[in-house]
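Have a look at the structure below, then the notes.
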Amino acid sequence: QVQLVESGGGLVQAGGSLRLSCAASGRTFNSYAMGWFRQAPGKEREFVAAISWSGGSTYYADSVKGRFTISRDNTKNTVYLQMNSLKPEDTAVYSCAAGPGVRIRRGDEYYYWGQGTQVTVSS
């Protein structure tokens, strides 16, 4: 089993920045692609960003491209989501996930999920 715990969420003004962290446990962590998803009240969960197991490939939703950056440090078993130029529409619970890295934009392709961390962007 791989356990994922997110942190770094909070309240920020529009235009501000936050960095989310996802700490993983499990000896097979390095073999997984990692993704970030978010879910706002009344909306379906949506893909935000993903990164390959080696960190060599990254992927972003169009809505966050150019503003968010995903990265990972396998020596620390941690994946990050740097969020800049935040907008009120970014408000959501953000969850990290580990999966095989095939259909990386599909939430149902991920094996493990964290509990989520709340990000609230005020206008």
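The values are calculated or read from the model by the stated rules, or taken from the named source; none is laboratory data. From a predicted model like this one, the values you see are computed outputs, not experimental measurements. As a convention, Cβ positions derive from the backbone with ideal geometry for all residues, glycine included, and neighbour counts pool all protein chains shown. Remember, those area values only see protein heavy atoms, side chains included, never the ligands or the DNA or RNA. Shrake-Rupley method; radii C 1.70, N 1.55, O 1.52, S 1.80 Å.
A few points about this structure:
- Within the span defined as the range 38-45, one or more residues are over 17 Å from R106 (Cβ atoms) and either among the polar types (S, T, N, Q) or under 16 Å from the mean Cα position of the chain (by Cα) (or both).
- Test: residue in the range 87-97 that is free of Cβ contacts under 8 Å to residues at least 60 places away in the same chain, on the phi > 0 side of the Ramachandran plot and open to solvent by 40 Å² or more (accessible area, probe 1.4 Å): no
- Enumeration of residues in the range 32-53 that are touching a strand residue (DSSP E or B) at 6+ places or on another chain (Cβ under 9 Å) and either free of Cβ contacts under 8 Å to residues at least 60 places away in the same chain or open to solvent by 60 Å² or more (accessible area, probe 1.4 Å) (or both): Q39, A40, P41, K43, R45, E46, V48, A49, A50, I51, S52, W53
- When the range 1-28 is filtered for residues that are out of contact with any strand residue (DSSP E or B) (no Cβ under 7 Å at 6 or more places or on another chain) and either open to solvent by 30 Å² or more (accessible area, probe 1.4 Å) or among the hydrophobic types (A, V, I, L, M, F, W, C) (or both), the ones remaining, listed by number, are Q1, G15, R27, T28.
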